[in-house]
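Engineer: Submitted below is the structure of interest, expressed as structure tokens.
Each reported figure results from applying straightforward, stated rules to the coordinates on display, with no laboratory input. A quick note: this is a predicted structure, and the numbers were derived from the prediction, not measured. Reconstructed Cβ throughout: ideal geometry from the backbone, glycine too, with neighbour counts over all protein chains shown.
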Amino acid sequence: MSDTIKPIRTAIVGFGQSGELSHAYGIRENPEFKILAVCDLSFQRREYAQKSLGCETYSDHRELLQARGDIDLAAVVTRSDTHCVVACELLDAGINVLVTKPWAVGTTEAEAMIRAQERSGKRIFPWVPMYWSPEYTKLKELIGEGSIGKPFTIRRYITQFSKRTDWQTELKYGGGYLNNWGAHIVQPLLGLADSPVAHLSGHLQQVLNGGDGDDNFLTVIQFENGILGIAEYAQAVEGLPSFMIQGTSGTLLSDGQIITLIQKDPERPKSEQRTRYPIIGKRFGDEAEIYHDVAQDLLYGVPFRATTEDSYYGTAILDAIRKSHHTKSFVSNFKLIERKIGTLARALPLT
């Protein structure tokens, strides 16, 4: 970094596992940042942060705001139900915010944060790490090259078989696996289909965990360009493929480690060709690369990959999946959502 450019003075608000292993890691890997503060309700976590990061610590963001006015960026890594309040108060204090997934629990929260962004003139960076996933980016590249012809069905699965006992099982805390995994499962489906949604159905189940949050979900999405999308978090011992993308001249299969491109002329049974692409790097995106792009945006105006428009649309789709489940019906009023995004875009800098 040039000596003439000051480091981005950064605070981490919430220093649990994600705050430490994802966000502190990503920030420290980039010399454009300097961690000045950590906030956490736990005295033990504050003490650990002070020793490991050499920074000041505070119990929460409000204590941070009372104590100092020199923070440029705050990474909000608190419990999901607090993201909106914390982010809005930081924005109103003149601080840019990066908000971990889910950046908003519903479109009402997303709109509140966008309006706080407009009031403050600062930036929101939604945390959608799959946009930096080497698996996702390679699949998008292969589709764009026409390697499987015209895609007609895209399937996205995460398969695990385990129980949780923390706040992620409680809806009042913004828990449930649709919230927790939606950015990893549903958002990349939207990006690969690259089309507005026509209609969808959603199905939520609670099968292993306690609490009242879903731990198994499935959505079937019909896109306006004719592509059918299927996204599922599956509680299962044996795994489904991470991605399966069907096209008119082939199929893409990924197991999270290797992408296999199978090309075939349907009129020539013996024409099959297979090409394998190892997935190199972090499957869900490297946090260091994401924070590098945050710095590029703040310092040089290079657009951040996870736009507010895409993130808002993704949140609206998650809302629609929940609505479909509870009403036991298809949801198809997405033109209203697109008009709402257009209205927000005209009123606010959705970048």
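Engineer: Using DSSP to define loop residues, name the GluC sites (Glu not before Pro) in segment 218-251 whose beta-carbon has at most 11 other beta-carbon atoms within 10 Å.
Structural biologist: On the way: sites: Glu224, Glu232, Glu238; in loops: Glu224, Glu238.
Of the GluC sites (Glu not before Pro), the ones in loops of segment 218-251 whose Cβ has at most 11 other Cβ atoms within 10 Å are Glu238.
Engineer: Give me the number: length gained by fully extending Asp255 to Val207, i.e. 0.36 nm times residue separation minus the C-alpha to C-alpha distance, one decimal in nm.
Structural biologist: Length difference between fully extended and current span is 14.8 nm.
Engineer: With only Lys, Arg, Asp and Glu charged, each at its Cβ (+1 for the first two, -1 for the last two), find how big the charge dipole of segment 131-278 is about the Cα centre; round to the nearest 20 debye.
Structural biologist: That gives segment 131-278 a dipole magnitude of about 360 debye.
Engineer: On to the next question. Arrange Ser249, Ser120, Ser42 by Cβ neighbour counts within 10 Å, fewest through most, would you? Walk me through the numbers on the way to the answer.
Structural biologist: Values: Ser249 15, Ser120 18, Ser42 12.
Lowest to highest Cβ neighbour count: Ser42, Ser249, Ser120.
Engineer: Kirkwood hydrodynamic radius, computed over distinct alpha-carbon pairs, for the chain: how many Å, to one decimal?
Structural biologist: Value: 21.3 Å, from the Cα pair sum.
Engineer: Follow-up question, since we're still on this one. Based on the Cβ-Cβ distance from Gln17 to Leu299, what FRET efficiency comes out when R0 is 35 Å, to the nearest 0.05?
Structural biologist: 0.75
Engineer: Another one. Would you mind checking the tilt of helix 177-193 against the longest principal axis of the Cα atoms of the chain, expressed as 0 to 90 degrees and rounded to 10?
Structural biologist: Taking Cα atoms only, the helix is inclined about 60 degrees.
Engineer: Still on this structure: Give me the extension gain from Lys34 to Ser195: residue separation times 0.36 nm, minus the current Cα-Cα distance, reported in nm with one decimal.
Structural biologist: Between Lys34 and Ser195, full extension yields an extra 54.1 nm.
Engineer: Compute, for the chain, the length of the dipole vector about the Cα centre, with Cβ point charges of +1 (Lys, Arg) and -1 (Asp, Glu) only. Units Debye, rounded to 20.
Structural biologist: So the dipole magnitude of the chain works out to roughly 480 debye.
Engineer: In the structure shown, do any of Lys51/Lys163; Lys6/Lys101; Lys34/Lys138; Lys172/Lys323 have a Cα-Cα gap over 21 Å, and if so which?
Structural biologist: Where the Cα-Cα span goes over 21 Å, the pairs concerned are Lys51/Lys163; Lys6/Lys101; Lys34/Lys138.
Engineer: Per 0.36 nm of contour for each residue apart, how much would the distance between Ala288 and Lys163 grow if the chain were fully extended, relative to their Cα-Cα spacing?
Structural biologist: Full extension from Ala288 to Lys163 adds 42.1 nm.
Engineer: Right, here's the next one. Going by how many other Cβ atoms sit within 10 Å of their own, how do Lys6, Lys122 line up, fewest first?
Structural biologist: Lowest to highest Cβ neighbour count: Lys6, Lys122.
Engineer: For the chain, take the longest principal axis of its alpha carbons; what is the angle in degrees between that and the long axis of helix 83-92, to the nearest 10 within 0 to 90?
Structural biologist: Approximately 50 degrees, to the nearest ten.
Engineer: Under a crude label model (7 Å from the Cα following the beta-carbon direction), how far is Glu145 from Asp92 in nanometres?
Structural biologist: Going from the Glu145 label point to the Asp92 one covers 5.1 nm.
Engineer: What nm value, rounded to one decimal, do you get for the distance between Lys270 and Thr153 when each label is placed 7 Å out toward the C-beta?
Structural biologist: Label at Lys270, label at Thr153, 2.8 nm between them.
Engineer: Hey, can you rank 166-177, 129-140 by average C-beta count inside 10 Å, highest first?
Structural biologist: Top of the packing list down: 129-140, 166-177.
Engineer: Starting from the Cα of Lys335, move 7 Å in the Cα-to-Cβ direction to define the label point; list residues of segment 188-213 whose amide nitrogen is under 16 Å from there.
Structural biologist: Residues passing the 16 Å test: 196-200.
Engineer: Tell me what the chain gives for mean residue ellipticity at 222 nm when only DSSP H runs of n ≥ 4 count, each as -39,500 (n - 2.57), the sum divided by the residue total, rounded to 500 deg cm²/dmol.
Structural biologist: When only DSSP H runs of four or more count, the value is -11000 deg cm²/dmol.
Engineer: Tell me, Kirkwood radius of segment 131-278 from alpha-carbon pair distances, in Å?
Structural biologist: 16.3 Å
Engineer: Only residues of segment 150-188 count here: report those whose backbone N is under 16 Å from the spot 7 Å along Cα→Cβ of Glu238, or say none.
Structural biologist: Answer for segment 150-188: 159-161.
Engineer: Taking neighbour counts of Cβ atoms within 10 Å as a proxy for exposure, in what order, fewest first, do Ser18, Ser59 appear?
Structural biologist: Numbers: Ser18 18, Ser59 13.
Least crowded to most crowded, the residues run Ser59, Ser18.
Engineer: Using the crude model of +1 on Lys and Arg Cβ and -1 on Asp and Glu Cβ, and no other charge, please compute the dipole size for segment 1-77 relative to its Cα centre, in debye to 20. Please report the intermediate quantities before stating the final value.
Structural biologist: Working: 9 positive and 11 negative charges, 16 e Å.
Using only the charged Cβ atoms, the result is roughly 80 debye.
Engineer: Work out the charge dipole of the chain with +1 on the Cβ of Lys and Arg and -1 on the Cβ of Asp and Glu about the Cα centre, then indicate which of Pro269, Pro303, Val186 is farthest towards its positive end.
Structural biologist: Of Pro269, Pro303, Val186, it is Pro269.
Engineer: May I pose another question? Can you give the Rg to Rh ratio for segment 28-153, taking only C-alpha atoms and Rh from Kirkwood? Present the calculation step by step, with values, prior to reporting the outcome.
Structural biologist: On the way: Rg = 18.2 Å, Rh = 16.6 Å.
Taking Rh as the inverse mean 1/r over Cα pairs, Rg/Rh reads 1.09.
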